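Have a look at the structure below, then the notes.
FYI, it's all coordinate maths here, none of it is from the lab. This structure is a prediction, so every number in the text was calculated from the model and none was measured. Here the Cβ positions follow ideal geometry from the backbone for every residue, glycine too, while neighbour counts run over all protein chains shown.
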2 protein chains.
Amino acid sequence: MCEVEEMVQKMLGGDEQCLARLITRIERGAPEVPQIMSQINFSLGKSHIVGITGPPGGGKSSIADRLTGLMRADGFSVGVVACDPSSPFSGGAVLGDRIRMQQHYLDREVFIRSMATRDGRGGLSPTAKEVLKLMDAFGKDFVLVETVGVGQTELDIMDAADTVVVVLVPEAGDAIQAMKAGILEIADVFVINKADREGADAVAEDLKQMLRLNPKHEWWEVPVFTTEAINNVGIDELYEGIRNHRKSLEEAGQLDIRRKAQRRAEFLQVVERSVRERILALINKNEQLMASLERVEQGKIDPYSATDDLLASKALLQTWRTTLEGEG
Amino acid sequence: MCEVEEMVQKMLGGDEQCLARLITRIERGAPEVPQIMSQINFSLGKSHIVGITGPPGGGKSSIADRLTGLMRADGFSVGVVACDPSSPFSGGAVLGDRIRMQQHYLDREVFIRSMATRDGRGGLSPTAKEVLKLMDAFGKDFVLVETVGVGQTELDIMDAADTVVVVLVPEAGDAIQAMKAGILEIADVFVINKADREGADAVAEDLKQMLRLNPKHEWWEVPVFTTEAINNVGIDELYEGIRNHRKSLEEAGQLDIRRKAQRRAEFLQVVERSVRERILALINKNEQLMASLERVEQGKIDPYSATDDLLASKALLQTWRTTLEGEG
């Protein structure tokens with residue numbers, strides 16, 4: 001049995017150190033990633049994956065922290081993945097594990113990992129999704145994934161999470177701003193945090209009204225909770241709302257539908273990435289294609305014409321033929 | 001001369017109606033997009049493209065509005081592209097042109113377009129980038145592109161813009177929050193808007209200090225401006241800062257480097273999209289591959305193994321061969 005296979009076996013058996021080491025491999029984009037994901041494929045789907053998102057400074061980390069406390073009090077194990085958009089230059093996480101979730105660090109049933117997003121996309125990278133899967137396969141009852149921002153990030157969480165919690169603050173602006181950011185449709189649960197501040201009730205009421213006017217599903221009415229995470233106010237209700245959402249998903253047969261869509265989207269992502277890598281490798285070793293890339297860089301040919309040339313090139317066909325013959 | 005070719009010719013000659021119609025074609029993903037982009041390729045690169053980004057509610061639209069006023073006063077023509085993250089469900093822009101930039105609507109030298117991002121990515125889609133290019137080719141001196149959010153969006157703007165303006169508000173949180181969102185490195189210019197609110201000076205000072213500790217370039221010191229866009233305070237200085245950035249880019253020889261990187265990134269995006277489309281079409285018409293996709297959806301095979309199967313399949317090779325023979 002090779003090293004990685006053994007590591008996955010141990011991880012599936014509950015070895016936390018192996019979990020940590022496998023996550024590191026995934027973050028580094030190790031060549032064994034496909035093998036790892038293939039090996040854990042049949043251990044997936046038991047965790048309740050909760051995505052927590054919203055603009056910076058809304059208190060998402062505090063909410064994750066408080067929720068973790070409640071989940072632990074109920075005897076559930078918890079995984080936490082905190083995604084810091086990486087600098088496109090440094091590629092590193094800006095905030096480390098240290099300043100997050102301090103109270104849970106000594107709890108063996110809580111596994112916390114901060115990660116940078118490696119692919120320079122600023123949101124939940126495919127890598128982050130694979131880390132969620134590892135925590136799922138490891139057997140965590142809940143996996144919380146926290147991301148910053150509105151944009152790509154939310155839609156990616158929607159792909160990966162069972163329940164999407166959108167955290168706003170009273171100053172995040174009125175309901176029009178909320179719609180503007182496109183978050184109305186992706187939220188399964190809304191939270192107005194820092195509810196002791198002025199305007200919290202008005203924002204909550206606006207949101208509720210908009211949600212009534214634009215009901216998302218027949219089987220689920222999106223709730224709006226007001227919380228003060230640092231004072232531990234309103235977190236019980238939020239926790240119950242999150243659990244109710246998962247129950248509704250299951251009862252309405254929606255969990256299966258979501259999972260299918262997730263797998264489909266992920267498959268297409270993996271295909272795209274693989275093709276991109278192969279084509280890049282191809283360009284790098286083919287003189288004719290390198291010359292074509294240079295002409296694009298210099299503006300001498302537009303990207304569309306160059307793409308047509310590339311995809312019709314004999315060199316590309318040759319690569320595929322080699323792949324086919326190599327594996328068949 | 002076919003219809004689209006004529007439309008592009010007219011647009012390049014200054015016909016605004018043709019510009020509007022071409023933008024609509026691009027938004028709809030019309031099959032003529034490659035032809036349009038190829039035809040305008042040699043008219044690109046003259047505009048100063050200014051990206052304006054930041055969390056919702058920061059007053060980005062007001063700033064774009066005020067900047068437009070100053071640019072017009074200097075006799076420059078202006079294009080404005082406002083990107084509303086589209087709902088993944090409706091695909092439509094939430095806020096229309098109507099409530100933006102009202103004062104400039106009657107000015108013929110200002111062309112304003114609100115657009116939804118079609119590809120469900122929440123940020124600047126490749127489509128938005130193509131619209132920027134159309135405005136560039138049309139001959140606008142400045143093109144302002146406004147997007148919401150932190151994440152994918154900023155990094156995409158960095159690809160497409162010459163100067164990236166990041167707009168924060170005093171409540172956006174302290175400097176740590178700014179770093180957390182990964183925006184420190186992508187900003188060429190910072191603005192603290194709504195500077196009449198409490199804490200504005202402190203946030204500006206924090207930012208300046210962090211920027212001194214992490215200088216981005218030798219040839220450009222990122223400035224931090226404080227503005228009150230609705231009261232027209234501080235906009236002159238911001239405008240000057242934006243123009244200085246472009247001047248520094250040119251003098252340091254960085255504009256060429258940026259443009260090359262933009263073209264390269266765009267080429268690879270177009271390649272990815274094309275390959276994705278071809279593979280999707282292939283899956284849809286190949287029974288064996290449809291069966292494989294179904295197995296992925298049901299969780300019976302992991303996405304990585306399925307990708308390996310797909311990329312090694314005879315069906316895929318056959319597609320490429322057909323393409324090759326069809327065009328050669």
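Annotations
- Neighbouring partner chain Cβ atoms per residue of A:291-299, average, 10 Å criterion: 4
- Placing a label point 7 Å from Cα along the Cα-to-Cβ axis, A:Glu250 is separated from the same position in the other copies by 6.5 nm, shortest listed first.
- Amide hydrogen proximity for B:Val80: with H placed 1.01 Å from N in the peptide plane, the residues at 5 or more positions away or on another chain lying under 5 Å are B:Phe111, B:Ile112, B:Arg113, B:Leu144.
- Along the stretch A:302-313 the Karplus relation, 6.51 cos²θ - 1.76 cosθ + 1.60 evaluated at θ = phi - 60°, assigns HN-Hα couplings of 7, x, 5, 4, 5, 5, 4, 4, 4, 5, 9, 7 Hz to successive residues, with x for each Gly and Pro.
- Neighbourhood net charge (10 Å Cβ-Cβ; Lys/Arg +1, Asp/Glu -1) for A:Arg276: 0
- Peptides A:238-246, B:67-75 ranked from most to least packed by the mean count of surrounding Cβ atoms within 10 Å: A:238-246, B:67-75.
- Per-residue Cβ neighbour rank within 10 angstrom, fewest leading, B:Cys83, A:Cys18: A:Cys18, B:Cys83
- Taking B:Phe267, B:Phe190 and counting other C-beta atoms within 10 Å, the order from fewest to most: B:Phe267, B:Phe190
- Inter-part distance where the stretch B:202-237 and the stretch A:1-45 are each reduced to a Cα centre, Å: 45
- In this assembly of identical copies, the label point of B:Ala261 (Cα plus 7 Å along Cα-to-Cβ) is separated from its counterparts by 3.6 nm, sorted shortest first.
- Position A:Thr24: other-copy label points at 5.8 nm, ordered by increasing distance, label point 7 Å along Cα→C-beta.
- Long-range amide H partners of A:Ile49 with built H, under 5 Å: A:Val143, A:Asp162, A:Thr163
- ³J(HN,Hα) computed for each position of the stretch B:8-19 - Karplus, 6.51 cos²θ - 1.76 cosθ + 1.60, integer Hz, glycine/proline x: 5, 4, 5, 4, 4, x, x, 7, 5, 5, 5, 4
- Residue-by-residue Karplus 3J(HN,Hα) for the stretch A:238-248, coefficients 6.51, -1.76, 1.60, Hz, glycine and proline x: 4, 4, 5, x, 5, 5, 4, 4, 4, 4, 5
- Across peptide B:306-312, the average count of Cβ atoms from other chains found within 10 Å of a residue's Cβ is 6.
- Gyration tensor over alpha-carbon atoms, the stretch B:1-42, equivalent ellipsoid semi-axes in Å: 14, 12, 9
- Amide H to amide H, with H built 1.01 Å from N, B:Phe225 comes under 5 Å of B:Phe190, B:Val191, B:Ile192, counting only residues 5 or more places away or on other chains.
- Residue-averaged beta-carbon neighbours from other chains (10 angstrom radius) around A:185-195: 1
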